[in-house]
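Values in this text are rule-based calculations from the coordinates and carry no lab data. Just so you know, these numbers come straight off a predicted model, no measurement behind them. Note that we place each Cβ from the backbone using ideal geometry, even for glycine, and neighbour counts take in every protein chain shown.
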Amino acid sequence: MGQIPSMAEENMTPSQSITLRIAKYNPEHDSAKKFMDFTITYERWTTVLEAILEVKKHFDHSIAVRYSCRQATCGSCGMIINGKPRLACFTKISELNSNVITVEPMNNFPIIRDLAVKFERLFDTHHKVKPYLIHDDTEITSDTKEFLQSPEELEQYIQFSNCIKCGLCNSACPTMATDSSFVGPQALAQAYRYVADSRDKGKDQRLKIIDDSHGIWRCHFAGSCSQVCPKGVDPAMGIQLLRGYMLGFRS
Amino acid sequence: MTNQDEHKEGIGGMINPRRYGIERVAYLLMRLSGLGLLAYFIGHIYETSSILKGEIGWNEFLEITQTTEGHAILAIVIAMCVFHTVNGIRVMLGHGGVGVGKPARPDYPYIPASQNIRHKMGIYSAIILAAIAMLYGLAVMFGE
């Protein structure tokens, strides 16, 4: 009589192996990017970040990679995985359906080394759009302990406040691919996040900042930013709604 | 800082239509059709300026458009014109925030509301209408 396998046994699949191709590049020494191949075993739940760390631990400790939380919260481990910008900690090898996983540094960001890129420009443009509440009554007195807001008002911007500044949207953006001065989808989405906040009074200031030849008008609604966002921010929506304010479609 | 230092994808990355679905295909077609229509516009001005050479000069130039190659180019111009118009209306509405969805608390797997079926239908409609217009143009020009 055959035994019925338990759920735990059903989930036990033998380890499989893949080739992990890691881009190696040091701008101080190398003239071009090189790839190093490593064969590693993985389980159904193994993430690309875990695979990279496995390689770093056992094969090549010199691989430069930035990571921290391992749970898609810190936004540190953005990279190009099989041609698309993704978070390495949020991408399982099993869901890529490929025997070869290629990891490269994010496009449109200067490379520090290997998979680690510089975030200065992203933080500069983020800061440029004034990512904080602008309000005359910022001092909290005993009478006004908080700025009240209805759930409907919260819904207007809560989606955009999920941004973890991982830079995947800027890496996927076709305008960022050619225009070094473009403010980028991350900063524009954050401009909308504060413009749409009922507590904020800085709408005119922010619209003036992004009303620039390298500002919001350089977005052509390709939508790639929204497709790669790991937190569901949908920057393309925020940018179009923001432009709706500027074109007079919205008040 | 050079392009390589900044690690920019460049024009090759900008026009690559393979990674991000039909929206990026529409993005590429919009640029190609825009540049094509600009080239046609310049050619058209040059063509119509031949009237300054008198009736014979005008007729000689007009004969170029009556060749097989001329008909093929005009058919492509028709397709570019229709695609650019229909997709342009979709993009303009999107730029005004029309049809891009409403902000809402996102749920996993985070399907972006701005990349919705209405916009995809708009893109497919633009491609299909351009193809129909081009075929109609070919039928009229080669059916003589």
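Values computed for the structure shown
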read-out	value
Helix-only [θ]222 nm of chain B, DSSP H runs n ≥ 4, -39500 (n - 2.57) each, per residue, nearest 500	-23500 deg cm²/dmol
Normalised alpha carbon radius of gyration of the protein assembly as shown [divisor 2.2 N^0.38 Å]	1.21
Exposed-site-free run, longest, chain A (rule: chymotrypsin sites (Phe, Trp or Tyr not before Pro); DSSP loop; at most 15 other C-beta within 10 Å)	A:148-248
Sequence-separation-based contact order of region A:167-241, relative, with Cα cut under 8 Å and 6+ spacing, percent	41 percent
Percent of Cα pairs exceeding the 16 Å cut-off, where the set is region A:7-117	57 percent
Enclosed volume per residue, in Å³, of the convex hull spanned by Cα atoms of chain B	188 Å³
Within a Gaussian network of chain B (alpha carbon springs, distance under 10 Å), most fluctuating of B:ALA130, B:ALA113, B:ALA79	B:ALA113
Volume per residue that the Cα convex hull of region B:73-144 spans, once the total is divided by residue count, Å³	78 Å³
Average projection area in nm² (convex hull over Cα atoms of region A:120-247, one quarter of hull surface)	8.1 nm²
Nearest 10 degrees, 0 to 90: helix A:48-58 Cα axis against chain A principal axis	50 degrees
Low-density loop cleavage sites - GluC sites (Glu not before Pro) in region A:131-224, where at most 12 other Cβ are within 10 Å (DSSP)	A:GLU139, A:GLU146
Loop sites in region A:80-186: trypsin sites (Lys or Arg not before Pro), DSSP, at most 11 other Cβ within 10 Å	A:LYS145
Chain A: most fluctuating residue of A:THR91, A:THR125, A:THR19 per GNM, C-alpha cutoff 10 Å	A:THR19
Rounded to 10°, Cα long-axis angle of helix B:22-49 versus longest principal axis of chain B	20 degrees
